[in-house]
């Protein structure tokens, strides 16, 4: 039976204790803040480990890193300044996220994640249930148009307003009117659309989902037979439509016991909230992946009612 | 069958809806970019920055140049206000000019070519061009001695020179007028910072604002002539002076000679050895004017 919303997480807390029930969330917050901290350590304490910001940076004054969406915009804008360093920096980031799961960026690095997670938490606390319906493919359109505008203006136009780089750069170098954009995202996620920004519109999320689509590090659900349909994971998952194939629905169809959708952010909230320990991080090898259904298939399973969507 | 048609219609409607929404977003972004990408003249890019148009396509807005500037003069533009494109680096000459480090530390770590890595001589940087924009306020034009801009200029004696002009007010003093030479000025802004006025009379402007450009079809006769080594049309005619009989003007030396009796120009009027006489007096005048 689905758990009533007021009792969300109670079972996990009772069974695993506070640290167990928030393990991945705590680790994620530590990672997010540490990365921010490493960038701030230089200007504040004179210890230079990471220099720059997420758009591009220099690790220990030697290893370059370049944000993929920035690189793609440079290509689209016809930039003359692409150097070997730029390409190496881009490839380092690409390879890293192709291995650890592209959208791990969204859950473990991106500073906007804290903003939208907070909005989602408040949404639940205030009992706001209404949400504008935004098609799932919107983020891909956003990504496409970000590149079109870059080509049309011959500049990295998206970086004028990109909430992710605005937030990160703002904290490190000065925010200006960037607060308004962050507040806008917060209000939009809180009042207009559930998981509205990260889960539907952010073009960086779309790009990282493409980069990490073949990653082997996945949320596995080997213990899915123990699932008692409490639906709590659907409530906390930032992309709830990707869960059914990993759970009983997928078991009936003979699908592998793992969340294989590239939209998964590897955030681990499903593992935290599950009192039955259905989920655990693990590896999914290509052999197992062959049986993966398309995202449409998974969404269809939700639509057809074979799996109930979160209340 | 009916169900399939409905879902196709829904699919198309959904697609159209998204396309419409996202196009509106793209239109808004494109229009905003026109304003957001504008660079107000008081914001100056770091040394080696590409032309603004190319810079906006190449700069990742990471701020590594900001970190590497030992004087901390560079900043990243914040969103809003009259700022340059969000996240791009700049400095303001009046409050913090470029100190023109010899090793140009802001450039080497730039992850792209937004700051041109080929620039290794800071005196070749062209961040802008200093312009003595207000001659009414500059105290040198009042005949007062200042020359602070001349003295702080790091390309000393070349980018800013002092030209002497007669002080017509006093009738017997010189005015020491600072003159900027675009051939040498790097646009560092040290002169703008140092200008003693309440509001500076010398300002670094973007080159597009500071420089005029002669029409491409213009040819300066004397330069063309020098290039060719002689007149391009008809041979020069000898200039005729209304000189007293027996006196001749020599083009090459600009001096006046008395003809000797044979009719050739003599050397009687060499001003280095004044001997008196009409030619010497005339030549003395020339000498004094020099």
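Quick look at the numbers
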item	result
In the range A:91-111, residue nearest to the other protein chains (Cβ to nearest Cβ) [restricted to those that are surrounded by 19 or more Cβ atoms within 10 Å (Cβ to Cβ) and not in a loop (DSSP other than H, G, I, E, B)]	A:93
Any hit, the range A:128-143, residues being in a loop (DSSP other than H, G, I, E, B), away from chain B (no Cβ under 14 Å) and in contact with a helix residue (DSSP H, G or I) (Cβ under 8 Å, 6 or more places away or on another chain)	yes
Those residues of the range B:39-63 which are surrounded by fewer than 21 Cβ atoms within 10 Å (Cβ to Cβ), more than 10 Å from chain A (Cβ to nearest Cβ) and touching a helix residue (DSSP H, G or I) at 6+ places or on another chain (Cβ under 9 Å), in sequence order	B:39, B:41
Test: residue A:166 is touching a residue at least 40 places away in the same chain (Cβ under 8 Å), facing chain B (nearest Cβ under 8 Å) and touching a helix residue (DSSP H, G or I) at 6+ places or on another chain (Cβ under 7 Å)	no
Residue that is touching a helix residue (DSSP H, G or I) at 6+ places or on another chain (Cβ under 7 Å) and either in a loop (DSSP other than H, G, I, E, B) or at pLDDT 85 or above (or both), where the choices are B:200, B:224	B:200
Wholly within the range B:97-192, strands (runs of 3 or more DSSP E) carrying at least 3 residues that are under 20 Å from the mean Cα position of the chain (by Cα), more than 28 Å from residue B:66 (Cα to Cα) and outside the structural domain of residue B:75 (by TED's automatic domain parsing)	B:160-167, B:173-180
Hits in the range A:1-19 (condition: in contact (Cβ under 8 Å) with a residue 12 or more places away in the chain and part of a helix (DSSP H, G or I))	A:5, A:11, A:12, A:14, A:15, A:16
Residues that are touching a helix residue (DSSP H, G or I) at 6+ places or on another chain (Cβ under 6 Å), at pLDDT 90 or above and in a strand (DSSP E or B), drawn from the range B:77-96	B:89
Residue in the range B:23-36 that is under 17 Å from residue A:160 (Cα atoms), in a loop (DSSP other than H, G, I, E, B) and more than 7 Å from chain A (Cβ to nearest Cβ) present	no
Leading residue by the ranking (nearest to residue B:98 (Cα to Cα)) among those in the range B:203-221 that are in contact (Cβ under 8 Å) with a residue 12 or more places away in the chain and part of a loop (DSSP other than H, G, I, E, B)	B:206
Checklist (1) more than 8 Å from chain A (Cβ to nearest Cβ); (2) closer than 26 Å to residue A:89 by Cα; (3) buried (at least 18 other Cβ atoms within 10 Å of the Cβ) applied to residue B:70, failing item	(3)
Failed criterion for residue A:183 (all others in (1) more than 7 Å from every other protein chain (Cβ to nearest Cβ); (2) touching a strand residue (DSSP E or B) at 6+ places or on another chain (Cβ under 7 Å) hold)	(2)
Residues of the range A:147-160 that turn out to be more than 7 Å from chain B (Cβ to nearest Cβ) and surrounded by fewer than 24 Cβ atoms within 10 Å (Cβ to Cβ), as a count	2
Failed condition for residue A:123, given (1) at pLDDT below 90; (2) out of contact with any strand residue (DSSP E or B) (no Cβ under 7 Å at 6 or more places or on another chain); (3) within 14 Å of chain B (Cβ to nearest Cβ); (4) outside any loop (DSSP other than H, G, I, E, B)	(3)
Selection count, the range A:37-68, where residues are in a loop (DSSP other than H, G, I, E, B) and farther than 28 Å from residue B:54 by Cβ	5
Selection status of residue A:71, more than 10 Å from every other protein chain (Cβ to nearest Cβ) and assigned to a helix (DSSP H, G or I)	no
Complete set of residues in the range A:39-66 that are touching a strand residue (DSSP E or B) at 6+ places or on another chain (Cβ under 7 Å) and within 7 Å of chain B (Cβ to nearest Cβ)	A:42, A:51, A:52, A:56, A:57, A:58, A:64, A:66
Subset of the range B:93-111 (residues that are within 14 Å of chain A (Cβ to nearest Cβ) and crowded, with 16+ Cβ neighbours inside 10 Å)	B:106, B:107, B:109, B:110, B:111
Exclusive hit being within 14 Å of another protein chain (Cβ to nearest Cβ) and part of a helix (DSSP H, G or I), set A:88, A:114	A:88
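The values are calculated or read from the model by the stated rules, or taken from the named source; none is laboratory data. Predicted model only: the values in this text are computed from it and were never measured. Counting neighbours? That spans all protein chains shown, and the Cβs are built from the backbone with ideal geometry, glycine included.
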